[in-house]
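Every read-out reported here was derived from the displayed coordinates using simple, explicitly stated rules and does not represent laboratory data. Bear in mind that the values here come from a model prediction, so they are computed numbers and not experimental data. Because the Cβ atoms are built from the backbone with ideal geometry, glycine has one as well, and the counts that use them run over all protein chains shown.
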2 protein chains.
Amino acid sequence: MLSIYDRLYPEKKPIDITAFGEVLLDMISREEAPLKECINFTRYFGGSPANVLVNSQRLDNQTAFISRIGDDAFGDYLKDILKDERVNLDCLQIDSSAATPVIFVNKSKATPSWLAYRGADINIELEEEIYEKIDQSSIFFIGSFILSKNPARSTALKIIDYAVENDTLLAFDPSFRASLWPEGEKGKQIIKDIISKSDFIKPSLDDAEHLFAKDTPKNYLKKYHQCGAKIVILTLGKDGVLVSDGKNEPVHIEVFSEKVIDVTGAGDSFWSGFLSGILRSLTIKESAKLGNAVAAFKIQGVGALSSIPPLLEIMSYYNINPAERGEN
Amino acid sequence: MLSIYDRLYPEKKPIDITAFGEVLLDMISREEAPLKECINFTRYFGGSPANVLVNSQRLDNQTAFISRIGDDAFGDYLKDILKDERVNLDCLQIDSSAATPVIFVNKSKATPSWLAYRGADINIELEEEIYEKIDQSSIFFIGSFILSKNPARSTALKIIDYAVENDTLLAFDPSFRASLWPEGEKGKQIIKDIISKSDFIKPSLDDAEHLFAKDTPKNYLKKYHQCGAKIVILTLGKDGVLVSDGKNEPVHIEVFSEKVIDVTGAGDSFWSGFLSGILRSLTIKESAKLGNAVAAFKIQGVGALSSIPPLLEIMSYYNINPAERGEN
């Protein structure tokens, strides 16, 4: 069983992180109003796994993407960005009969509401070269949005099993929302099955409440470990994160950002910092600090892909211990 | 056989025009650029049959809409507009599992390109009350966008047959684009079948070229009549329209607008003016002039639903003959 104070020594492979899932247009309203009343929208690069990869590339990791876009103007736009950021796109599928997905979101001080137009993303197919990509990867990352609909879901489940059998570390963002799933509440069991196979999961308090009944943070941690999760990073919004291995007392790490400009994609930034730490054999605790540090830089800029300083600068600025065993 | 100089005396029924098809959000770019490079978009009320109905209501006709929207913020927005315009919405279906359709369009001096996100619209179901609505209607209007995909297409074909059997006048906008049809070029035959049943069709030169091989306007008219169309109104853009009954020489009507601000929805405006004329027993030729007149007011304002003066003012302004048999 992994401890918060352990270091992993992932085998050095050609690809650090391969992610599976959606890349899409976030259409964010300019008005702060209910979505029904929003008139003007601005287009942004989006999709959680795509954000994780771009941020990870900027932190000097090699990444690859298993995804699917439409053969259209929006797909071309997204693909160009991924290419410019040097994400490996050998497994980026182009769908000739479904469009690149788009999500409308309203700007809001409260929880924003959104409206998703799925398309090519739900058609990700299993191709032989995907297995080769997993063979070459230290970490496999997957979110929950892409699991909500078939055939992408069934492709995902096969790749997850292959990754686990081949000792690729599994990082999973277990964000279940019944409204996205044709099966509704029954989808929970699929999320729990993947949690049981995961090395790292990073749920929010909201995610935990949607998956279990409303409870305390400590009880949520217990429930995730009962599902079989190894390392659980429970995010508490402005109160930082709790990191738990299921046997030691959870470690609390505070938010590092001094000001908050835009929290869009903060969780994706956390993932890229955290996985960068794991790939460099920082302890799990120090990796989580690195996650918070990268998120802090993100939060102080606008957009899911705001600029990030070099990794070593971030570590030095936030006093993250690269060499020694982490302490409490 | 109908002549251009004939008047029809449609039986007075509770509903003047019932339309079948899509109501959707047009997301128009603010930048004049290829869609791939457009960053900002503004939302507009859209969907050709919805525009025809709103314009027809503003011209003092009673209308009803057979359509389907998602149970979402965009559907609510569109429904509120239709309700405010007093379009009868007894046959507006709400889809709990598909979203309200959205079309992205780039502003362009050349032909704009677009990207459609279909949703609830393709799920319009046959319901008993639709037959009742047709029974109460003088004219049934349908476009081509909604025919491209099932199950909406199969619903449409049944309603068209019912309307024709019940002597409801059939107005059809035959705008075939193979890229929208899963069957590709085979879709043409369905369009031609509906043309054969139509009292009025209003293709553009582009529509004609997509349906037949490239040809002259006069030959296009001949081909439409060979399909079985009764009255063909071929729109020539800035050169006005040709109205043909297949036996007399086609009548040319010039564009009435002095300045061009925005041509979005000009064709839908034509339909509402033309059908308003038919409903008031103007000759077919004078009805087409009324169509051009209403389109002229549209073109001089911005948006598909720019404001229209009262019908009698338009007729007097453009010298449209309400009482006597129209002349050449």
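What to note about this one:
- Label spacing, shortest first and in nm, from residue A:162 to its equivalents in the remaining copies (7 angstrom along Cα→Cβ): 5.0
- Between residue A:300 and A:261, the built amide H atoms are under 5 Å apart, and every one of these is 5 or more places off in sequence or on another chain.
- All-pairs alpha carbon distance profile, segment B:1-148, 5 Å steps from 0, percent: 2, 9, 17, 19, 18, 14, 9, 7, 4, 1, 0
- Label-point spacing for residue B:258 across the identical copies (point 7 Å from Cα in the Cβ direction), in nm and ascending order: 6.4.
- Spherically averaged projected area in nm², based on the convex hull that wraps the Cα atoms of chain B: 15.5
- Rounded, prolate or oblate (a/c below 1.5 giving rounded, otherwise prolate when a/b exceeds b/c) for the protein assembly as shown by Cα gyration tensor: prolate
- With distances taken between every two different alpha-carbon atoms, segment B:216-328 has a Kirkwood hydrodynamic radius of 14.3 Å.
- Mean residue ellipticity, 222 nm, helices only, chain A: the sum of -39500 (n - 2.57) across DSSP H runs of n ≥ 4, divided by residue count and rounded to 500, is -10500 deg cm²/dmol.
- Candidate lysines - alpha carbon under 22 Å from residue A:188, same-chain residues fewer than 8 apart omitted: A:149, A:158, A:197, A:202, A:214, A:218, A:222, A:223, A:230
- The percentage of C-alpha pairs in segment A:150-277 whose separation is greater than 19 Å is 51%.
- P(r) weight above 14 Å for segment B:32-74, C-alpha pairs, percent: 66
- Residue-averaged beta-carbon neighbours from other chains (10 angstrom radius) around B:113-122: 3
- If you look at the Cα atoms of segment A:112-202, you get an Rg and a Dmax of 13.3, 39 Å.
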